[in-house]
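The values are calculated or read from the model by the stated rules, or taken from the named source; none is laboratory data. As the structure is a computational prediction, the values presented were derived from the model and not from experiment. Cβ: placed from backbone, ideal geometry, glycine included. Neighbour counts: every protein chain shown. Heads up: the accessible areas ignore ligands, DNA and RNA and are worked out on the full protein's heavy atoms, side chains in. Shrake-Rupley method; radii C 1.70, N 1.55, O 1.52, S 1.80 Å.
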Protein chains: 2
Amino acid sequence: MLVVGSVALDTVETPFGSVKMALGGSATYIAVAASYFSAPIRLVGVVGGDFPKKHIEFLEERNVDLDGLQIVQEGKTFHWAGKYHYDMNARDTLTTDLNVFEKFDPRIPDGYKRSSYVCLGNIDPVLQRQVLDQIQKPRLVIGDTMNYWIEHKPKELAETLKVMDVIIVNDAEARLLTKEPSLLKASKRMIEMGPKIVIIKKGEHGAMLVTEDMVFSAPAYPLENIFDPTGAGDSFAGGFVGWLAKTDDLSSNNLKRAVIYGSTLASFCVEKFSVDGLRDLSYLKIQDRFRSFLDLSRFDER
Amino acid sequence: MLVVGSVALDTVETPFGSVKMALGGSATYIAVAASYFSAPIRLVGVVGGDFPKKHIEFLEERNVDLDGLQIVQEGKTFHWAGKYHYDMNARDTLTTDLNVFEKFDPRIPDGYKRSSYVCLGNIDPVLQRQVLDQIQKPRLVIGDTMNYWIEHKPKELAETLKVMDVIIVNDAEARLLTKEPSLLKASKRMIEMGPKIVIIKKGEHGAMLVTEDMVFSAPAYPLENIFDPTGAGDSFAGGFVGWLAKTDDLSSNNLKRAVIYGSTLASFCVEKFSVDGLRDLSYLKIQDRFRSFLDLSRFDER
């Protein structure tokens, strides 16, 4: 499994506390979440000379293969700072220092070119396509995007969507991309745009999986406290793709399971700051929470 | 089963069309939805001399017992006018003419005083308690409320909550009532306030059922078009209570089923204007949609 995206240092403030220059970035969260299912996870990204060695060590411990991580010694790592408010659904971005990420040129090492599962984090759709051009016949291409690309590079995004198998977006992005207020209609519109599998993340309301012949609604895990929502969406993507890469089964039933594993990893992520919620998981702990999703949504006819 | 609440004439505009002076009101939607499970439904409410005979006939056809419907010949029926926008989640109230509803004094006919299932629509919490004072040992009291009473009659509402068994509110009302952004924490707080069973309606995101030892997350039925959201919450309450009154089973499993029946009736309600979505249902049609909720949320471990 291959992941391409940002590796960043995040400064985050929430009503429950704050962290400075903590490990973050879409590729980081995706890789760490997926690492609980599949190994090694190949990561392509870029950091500066300031990127702490302890983060490298942590990623290596999690069996993340860093051959594709470019280190620009004279540059600085992408830095994002944001602040969440009381209700945790809204956040203010305080700083976005792209630094070395601004000129990110994703070069795929030869050893990565035959990756079966390719997960494209939220980067310029032109770069996403550039990545795919370097991969030989991937089995499944999963892509994320965001409002910025939808608004500023609609044509490039449309081209990239044609070569994506799975698109993962949040509800606001789905509506912005398709101009459809109904999420069901928006999903069907996205299927027409290319991806055969659409996943809409709805934060505290769970996620929705739509294919041509199936709609699946997954609840969110009900948490009393959300300490830091940063990375929840990427942890979802990592859990989802990691499970698919592990099982290599794209049946409807297994896609639903993958959505629940994604939701499971996202629920662990938000319980602590930065990637701390994903540090000390175990397969058993993950299975336990997966099963509590069963209890949460199961009912019977009589 | 007894229902107390408003019976109104609604003027509604949505991006899909409009209706003028159509049948509406919380007690109306609750009674009509519940009538598909339990009969007769006893209704206590008030209308003016202008209330069209065809509405009386429709309610009687649906087996709604109107002995408790006061008709103030010289007055006018409660009239509400509102407009929904493109995304259907926000609405503007254009007119609220309380008319005869302003002095509504819910008198429970003797024949109604031994009702087992009592559903209190969204009315003044003082009136809700006045109703309960007239009922002999109800088996289950289900109550609705809204932001107006939470803000303007918090003490009275607190007293009424102590005698409610089930509270049904939407997510914004739950947060307003408890000052808790987490819906799980808000639910637990409401359980401390009185009701042993809490239901939070989340519109297009479904509903959440919380008791002391259970959390259940129900999806919303994915509809391509929502023609008119008016009455969805009351139809939910009607389906929920109707199912419980029919089965007289308050086990966790049956409460979950009741939530799905509530969601089912709400989904039919929003497909047409006014109560039209609830006019020509059948038990079979309802069962079919209930089963599609199973497909929508079911997944298995392997």
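Which whole-number percentage describes the relative contact order of chain A, with Cα contacts under 8 Å and a sequence gap of 6 or more? Before the final figure, lay out the partial values.
On the way: 649 pairs, mean separation 52.1, N = 302.
Over chain A, the number comes to 17 percent.
Which of the pairs A:K54/A:K113; A:K153/A:K179; A:K285/B:K179; A:K179/A:K256 have their Cα atoms more than 20 Å apart in this structure?
Numbers: A:K54/A:K113 28 Å; A:K153/A:K179 16 Å; A:K285/B:K179 32 Å; A:K179/A:K256 26 Å.
Those over the limit are A:K54/A:K113; A:K285/B:K179; A:K179/A:K256.
What is the pair-distance distribution P(r) of the stretch A:133-186, computed from all Cα-Cα distances in 10 Å bins starting at 0, with each bin given as a whole percent?
Final binned percentages: 22, 53, 20, 4.
Check the straight Cα-Cα distances from A:K272 and name the aspartates and glutamates below 17 Å, setting aside those fewer than 8 residues away within the same chain.
A:D10, A:E13, A:D87, A:E204, A:E224, A:D228, A:D234, A:D280
What is the spin-label model distance, in nm, from B:R291 to A:D92 if the labels are put 7 Å beyond Cα along the C-beta direction?
Calculated label separation equals 5.4 nm.
Please report, for B:R302, the nm distances (one decimal) from its label point, 7 Å out from Cα along the beta-carbon direction, to the equivalent points in the remaining copies, shortest first.
Spacings between copies for this position, smallest first, are 3.1 nm.
Taking the label point 7 Å from Cα in the Cβ direction, how far apart in nm is B:Q136 from each other copy of itself, listed shortest first?
Its label point is 8.5 nm from the equivalent points in the other copies.
Measure of size requested: the Rg and Dmax of the stretch A:249-302, with Cα atoms as the atom set and Å as the unit; please supply both.
When restricted to Cα atoms, the stretch A:249-302 yields Rg and Dmax of 13.0, 44 Å.
Can you compute the charge dipole magnitude of the protein assembly as shown about its Cα centre, using +1 on each Lys and Arg Cβ and -1 on each Asp and Glu Cβ, nothing else charged? Give it in debye, rounded to the nearest 20. Each step should come with its number before you reach the end.
Values: 72 positive and 82 negative charges, 157 e Å.
Using only the charged Cβ atoms, the result is roughly 760 debye.
Defining the label point at 7 Å along Cα→Cβ, can you sort the distances from B:Y148 to the same site in each other copy, shortest first, in nm?
4.6
Out of the chymotrypsin sites (Phe, Trp or Tyr not before Pro) in the stretch B:1-45, which ones are loop residues according to DSSP with at most 15 other C-beta atoms within 10 Å?
Details: sites: B:F16, B:Y29, B:Y36, B:F37; in loops: B:F16, B:Y36, B:F37.
Taking the stretch B:1-45 and a limit of 15 other Cβ atoms within 10 Å, the loop chymotrypsin sites (Phe, Trp or Tyr not before Pro) found are B:F16.
Once the other residues with Cβ under 14 Å from the Cβ of A:K202 are scored (Lys, Arg +1; Asp, Glu -1), what is the net sum? Mind showing how you got there, number by number?
On the way: positive: A:R175, A:K201, B:K202; negative: A:D171, A:E173, A:E204, B:D171, B:E204.
Summing Lys/Arg as +1 and Asp/Glu as -1 gives -2.
Taking the Cα centre of chain A as origin, work out the dipole magnitude from +1 charges on Lys and Arg Cβ and -1 charges on Asp and Glu Cβ, in debye rounded to 20.
On the way: 36 positive and 41 negative charges, 122 e Å.
Computed about the Cα centre, the dipole is about 580 debye.
Can you pull the Rg over Rh of chain B, Cα-only, Kirkwood? List each step's numbers first, then the result.
Working: Rg = 17.9 Å, Rh = 19.1 Å.
Taking Rh as the inverse mean 1/r over Cα pairs, Rg/Rh reads 0.94.
Placing unit charges on C-beta atoms (Lys and Arg positive, Asp and Glu negative, everything else neutral), compute the dipole magnitude of the stretch B:34-192 about its Cα centre in debye, rounded to 20.
On the way: 22 positive and 24 negative charges, 101 e Å.
Roughly 480 debye for the stretch B:34-192.
Based on the inverse mean of 1/r over its pairs of different Cα atoms, what is the Kirkwood hydrodynamic radius of the stretch B:1-159, in Å? List each step's numbers first, then the result.
Numbers: mean 1/r = 0.0613 Å⁻¹.
Evaluated on the stretch B:1-159, it is 16.3 Å.
Provide the per residue accessible area, probe 1.4 Å, for chain A, rounded to a whole number of square angstrom.
Working: 12400 Å² over 302 residues.
Accessible surface, normalised per residue, equals 41 Å².
Which translational diffusion coefficient, to the nearest whole µm²/s, is obtained for the stretch B:131-241 from the Stokes-Einstein equation, given a Kirkwood hydrodynamic radius over C-alpha pairs, 37 °C and 0.692 mPa s? Before the final figure, lay out each step's value.
Working: Rh = 14.7 Å.
Approximately 224 µm²/s, per Stokes-Einstein.
Please compute the volume of the convex hull spanned by the alpha-carbon atoms of the stretch A:72-158 and report it per residue in Å³. Can you show the working numbers first?
Numbers: hull volume 11.9 nm³, N = 87.
Given the Cα convex hull of the stretch A:72-158, per-residue volume reads 136 Å³.
Shape verdict for the stretch B:190-230, please, from the Cα gyration tensor: rounded (a/c under 1.5), prolate (a/b greater than b/c) or oblate.
Details: a/c = 5.66, a/b = 2.27, b/c = 2.49.
Note, shape of the stretch B:190-230 comes out oblate.
Dividing the convex hull volume of the alpha carbon atoms of the stretch B:212-302 by its residue count, what do you get in Å³ per residue?
Working: hull volume 10.4 nm³, N = 91.
Considering the Cα atoms of the stretch B:212-302, their hull volume per residue is 115 Å³.
When each pair of different Cα atoms in the protein assembly as shown is counted once in the 1/r mean, what is the Kirkwood radius in angstroms, to one decimal?
25.7 Å
Please compute, for the alpha-carbon atoms of the stretch A:11-90, the extent along each of the three principal axes and give them in descending order in Å.
Reported extents, whole Å, longest axis first: 40, 35, 18.
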